[in-house]
Amino acid sequence: MCLAGVAAGAVAPSAGAQTQAPRASRPRTDSYDDPLVFNGPSAYRQFLKKEGIPVYEGGFIDVNKVELKPWKRVGALGAYIFLEGTAGTVDAWVCEIPPGSRTNAERHIFEEQVLVLSGKGQTQVWQGDQSNMITFEWEKGAIFPSPLNTWHRYINTGKDPARLAAITNAPLLIDMFRHTDFIFDNDYVFTERFDGRKDYFSSKPTAFYPTAPRQRAPVYVQGHHSHSIVNFVPNAWKAPLYPAGQGVEDYDNHFSMARNTMALHVEQFPTGTYERCHRHGPGSTIILLDGSGFSLLWPSEIGTTPFKDGKQSQVQLAEWKEGTLLVPPLQWYHQHFNSGKTPARFVKLGGWNNDLYPFTTTLVSDPSRVEIDYPNEDPRVRQIFAERLAATGGQFKMPESVFKKL
């Protein structure tokens, strides 16, 4: 068939077909203006400026202490956190709601995963008519999604301010469409993300999939961590965890919420131990829930043994404790050390290594995550940990067997 025939067939309506006029986008009220400006700020950067609240950047930050300012669009106090390690793929916000107050209702076509840092309250979620509204209660430690493009708002029912933190993939969506009316005022209903059933935010998982071990050598091959299919975790501090295989007696539980593409899991490892060094794509946003310790981080370009190779000046050390938000930079080697007195537990909100909903692009997804097994790590890493433990009276609990090559 000739191309002309294909084109002609494409525009000819079939018998009985009804034509429909294309629907124009709404007038651009506060949306991204589209002037021809070379090397100007991105649409997302322009959005941040219009939001009128602080934007914190850098390597890590304390979400419990970050200063907040009035957030007109949301109707509460707020701040954005846009750390270097996100590579512009995800962001974070912190919001504080005074006692007896509620946020403005909103909807948006970017994913959002919320952690309650303090306080107690309710979230109301609905699609279409408010008579279909679902209300659920939360308190410190709760994790839940704002299902894609559903109306939602947060209500403080306690006597103290309620502080929430969330990770979103807004930067990608806003940069892609450059039209905030489309992002925040879109009528499309994602029924597979939110079906309106009354038990949608039940804390009982609809399914659980145990860990499928991953082979570490000679090549890292596909497997998956434990997965709970659930849309509400009442308390991240008390969530049940399962053997993870990341380190020594390391436990985790991955949660698939609202069929989000962003990853989410809670992880814990004992005192006196540390995880294998590894690197991966951008956006893996860690919030420490309990414990204290530090992380070592360095660019992959300097290799797997930076101390041995005389490149220790390029290794960064980040101290962390409860409330620290940390995002390892894109493809930087990093590992986490528990030098405190209690098990270290953290939640990872965001990031793209999602076993259930992977991306095709390997720029953000990690089908071949890279790890340095203990026998192959720089010997100085172990010495640094032992020295820091000794300085605080801690005990080195890494079994010698993990450092022996098979």
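The values are calculated or read from the model by the stated rules, or taken from the named source; none is laboratory data. Every value quoted in this text rests on a predicted model; they were computed, and no experiment measured them. Cβ placement follows ideal geometry from the backbone for every residue including glycine, while neighbour counts extend to all protein chains displayed. All accessible areas refer to the heavy atoms of the entire protein, side chains included, with ligands and DNA or RNA removed. Shrake-Rupley method; radii C 1.70, N 1.55, O 1.52, S 1.80 Å.
Tabulated values for the structure
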item: Test: F269 is touching a residue at least 60 places away in the same chain (Cβ under 8 Å), in contact with a Leu (Cβ under 6 Å, 6 or more places away or on another chain) and not polar (S, T, N, Q); result: no
item: Residue check for K159: surrounded by fewer than 19 Cβ atoms within 10 Å (Cβ to Cβ), within 25 Å of D187 (Cβ to Cβ) and out of contact with any helix residue (DSSP H, G or I) (no Cβ under 7 Å at 6 or more places or on another chain); result: no
item: Single unsatisfied condition, H152 versus (1) in a strand (DSSP E or B); (2) surrounded by fewer than 19 Cβ atoms within 10 Å (Cβ to Cβ); (3) not charged (D, E, K, R); result: (2)
item: Count - residues of the range 228-252 that are in contact with an Asp or Glu (Cβ under 8 Å, 6 or more places away or on another chain) and closer than 14 Å to K348 by Cβ; result: 6
item: First in the range 116-130 and surrounded by fewer than 21 Cβ atoms within 10 Å (Cβ to Cβ), second anywhere and at pLDDT below 95 and assigned to a helix (DSSP H, G or I), Cβ under 9 Å, 6 or more apart; result: Q124/Q130; W126/N132
item: Selection count, the range 245-262, where residues are out of contact with any helix residue (DSSP H, G or I) (no Cβ under 9 Å at 6 or more places or on another chain), outside any strand (DSSP E or B) and open to solvent by 10 Å² or more (accessible area, probe 1.4 Å); result: 5
item: Residue check, L288 in a strand (DSSP E or B) and in contact with an Asp or Glu (Cβ under 7 Å, 6 or more places away or on another chain); result: yes
item: Residue count for the range 267-285, restricted to those that are under 25 Å from E387 (Cβ atoms) and in a loop (DSSP other than H, G, I, E, B); result: 6
item: Residue ID - farthest from the chain's Cα centre (by Cα), chosen from residues in the range 57-76 that are more than 20 Å from S101 (Cα to Cα) and open to solvent by 60 Å² or more (accessible area, probe 1.4 Å); result: K65
item: Strands (runs of 3 or more DSSP E) contained entirely in the range 73-119, each with at least 3 residues that are not hydrophobic (A, V, I, L, M, F, W, C); result: 112-118
item: Number of positions in the range 234-292 that are of a type in the set (V, I, T), within 12 Å of the chain's Cα centre (by Cα) and over 27 Å from W126 (Cα atoms); result: 4
item: Selection within the range 305-358 - among the aromatic types (F, W, Y) and in contact with a Lys or Arg (Cβ under 8 Å, 6 or more places away or on another chain); result: F307, W332, Y333, F337, Y357
item: Close pairs from the range 191-209: first part of a loop (DSSP other than H, G, I, E, B), partner at pLDDT 95 or above and open to solvent by 40 Å² or more (accessible area, probe 1.4 Å), Cβ under 6 Å, at least 6 apart; result: R193/R259; S203/P234; P205/I229; T206/I229
item: Some residue of the range 287-310 being open to solvent by less than 10 Å² (accessible area, probe 1.4 Å) and at pLDDT below 95; result: no
item: Close pairs (8 angstrom Cβ cut-off, 6 or more residues apart or separate chains): free of Cβ contacts under 8 Å to residues at least 12 places away in the same chain in the range 340-361, open to solvent by 40 Å² or more (accessible area, probe 1.4 Å) anywhere; result: P358/P367
item: Failed condition for E301, given (1) without any contact (Cβ under 8 Å) to a residue 24 or more places away in the chain; (2) within 27 Å of A386 (Cβ to Cβ); result: (2)
item: E387 being part of a strand (DSSP E or B) and open to solvent by 10 Å² or more (accessible area, probe 1.4 Å); result: no
